[in-house]
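Here is the structure we will look at, set down as structure tokens.
The values are calculated or read from the model by the stated rules, or taken from the named source; none is laboratory data. What you see is a predicted model; the values in this text were computed from it and never measured. Cβ atoms come from the backbone with ideal geometry, glycine included; neighbour counts cover every protein chain shown. Protein only, heavy atoms only, side chains kept; ligands, DNA and RNA dropped before computing areas. Shrake-Rupley method; radii C 1.70, N 1.55, O 1.52, S 1.80 Å.
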Amino acid sequence: MFDDYLIGLRDGLEAAVAACLLLALVVRTGRRDALPPVRAGIGVAVVLALGFGWALTFGSQQLTPRAQETLGGTLSAVAVALVMWTVLGTRRMAARHVRTLLAATAFFAVGRESLDTSLFLWASVRASLDGSHGPLLVVLLGLFTALVLALLLHLAAIRVDVTRFLTWSGVVLLVVAAGFLAQGVHALQEAELLGGPRDTAFDVSGVVPPDSWYGALLAGVLGFRPDPTVLQVAVWLLYTVPALAAVPVSAALSRTRPPGSNSRAYDRRSPVDRHL
């Protein structure tokens, strides 16, 4: 039972943390007009994942493990690219393009994990139809706990100092995206679509057991695996180090104003351009 709870907690956090950070980023940068598209992207991702999971669980067609890993790895790559673009590359974009980008980022970031969560949830529903209600209740409790933790993170994010938030939110989002990327590499290696060294880089399962509550938290928030492959670690480092190094530069550029511009008018005109 506890394993089912941890799966619900981990999968729920993986889907909810990025969404809550994106919502907080939109609020703190003064672009509340982008909230509906972001919420729509989250909602569409959840609904499609639930529908797809229901069809695969109760329909005649089944998703093979290889196809599931391929889909998860592909969605991870797309989500990582969009998160990085959101954090580092939206300063010069028109407002309507920023809204579209944020909606797409929310859709892929949430959809990447919602499918796995949906499949596990519907499997629990099927078990409950056979008279075993325990697994479903425990999974729902895990998902509810993940939602509460993600909302607490969102509330904390919208209350911190704006300057610190604009820098640290980018750092956290990029680290979360790095976890997506590492998970995507692992999925594509499992699907045998990605080569590279598959030897275990290190194994800290004895220190951070994957079936522990803190192991589930690390996996859900950061995409942490206690036994990653060499390729996973290499890709994580090659992405994370340059991306994090670019955050201070992006933050510094976002605080600059055109020479001789009226600061108050400029603030009203392009808050996203200044802060993202």
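Observations on the model:
- Applying a threshold of 9 Å to beta carbon distances and a minimum spacing of six or more residues, or different chains, the list of pairs starting in the stretch 2-15 at a residue that is modelled with pLDDT under 80 and open to solvent by 50 Å² or more (accessible area, probe 1.4 Å) and ending at one that is assigned to a helix (DSSP H, G or I) and not basic (Lys, Arg) reads Phe2/Val138; Phe2/Trp213; Asp3/Val138.
- Evaluation of Thr86 against (1) surrounded by fewer than 18 Cβ atoms within 10 Å (Cβ to Cβ); (2) at pLDDT below 80; (3) part of a helix (DSSP H, G or I) (one fails), failing number: (1)
- Flag for Leu25 being touching a Leu at 6+ places or on another chain (Cβ under 9 Å) and open to solvent by 30 Å² or more (accessible area, probe 1.4 Å): no
- Pair list, Cβ under 6 Å, 6 or more apart: the stretch 137-152 residue modelled with pLDDT of 85 or more, other residue open to solvent by 70 Å² or more (accessible area, probe 1.4 Å): Val138/Met1
- Residues of the stretch 35-71 that are closer than 25 Å to Val17 by Cβ, over 19 Å from the mean Cα position of the chain (by Cα) and open to solvent by 60 Å² or more (accessible area, probe 1.4 Å): Phe52, Trp54.
- Selection status of Arg198, over 30 Å from Ala146 (Cα atoms), at pLDDT below 50 and of a type in the set (Lys, Arg): no
- Among the residues of the stretch 216-230, some residue qualifies, meaning at least one is surrounded by 17 or more Cβ atoms within 10 Å (Cβ to Cβ) and over 30 Å from His154 (Cα atoms).
- Residue count, the stretch 179-205 (criterion: among the hydrophobic types (A, V, I, L, M, F, W, C), under 14 Å from Phe224 (Cα atoms) and part of a loop (DSSP other than H, G, I, E, B)): 3
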